[in-house]
Amino acid sequence: MLIAVTGTPGVGKSTVSKMLARKYRVINIHSYAEQHGLFDSYDEEAESYNVDVDKLNDAIMSESTEGYVFLDGHLSHFVDCNIIIVLRCKPKILSERLRKRGYNEKKILENVQAEVLGIILQESIDSHVTVYELDCTEKDPQIIMNIIERVVVLGEKHDITPGKIDWSGEMEEWF
């Protein structure tokens, strides 16, 4: 079973995925794309490489995915997976996290605006697979990992259906 752990950069995907990796196979999308030559080009403005998501999907789908395999990355929801988990973060906290990472102000604004608008959540919902949404702003990553494991592996019910997190009240600050 393939499970995408996705969200805007800085929400906590990699932190949670490192914890999941103690028990399950985790594929970091960026590292995987780099190792398999799946970059299209370098985007000077974004200061990052563009990944050919069709080639990424084909490459991952050709691998053995027995058991639970988690895909870590903000593009993981473009892979033909069984479940998508979208991690979210309050815009102000997200901007602080990205600033600490050394992102320039333009890139911070672009990512925070994507979070406010719920771009990754909407892309995930458009995939027509099961989507869950978790607010990681003030939750310990271990708690997030436990919720993911309980829902995905144990099949427990948790109220993490998409659409409950709404940052639209912060539009004026970021647009």
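The values are calculated or read from the model by the stated rules, or taken from the named source; none is laboratory data. On a predicted model such as this, the values are computed, not experimentally measured, just so you know. Ideal geometry is used to build each Cβ from the backbone, glycine not excepted, and the neighbour counts take in all protein chains shown. Heavy atoms of the whole protein, side chains included, go into the accessibility calculation; ligands, DNA and RNA do not. Shrake-Rupley method; radii C 1.70, N 1.55, O 1.52, S 1.80 Å.
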Enumeration of residues in the stretch 106-128 that are open to solvent by 60 Å² or more (accessible area, probe 1.4 Å), over 17 Å from E172 (Cα atoms) and charged (D, E, K, R):
E123, D126
May I ask you to say which residue of P91, P162 is within 21 Å of S48 (Cβ to Cβ) and either of a type in the set (A, V, I, L, M) or open to solvent by less than 70 Å² (accessible area, probe 1.4 Å) (or both)?
P91
Filter pass, D43 being of a type in the set (D, E) and surrounded by 15 or more Cβ atoms within 10 Å (Cβ to Cβ):
no
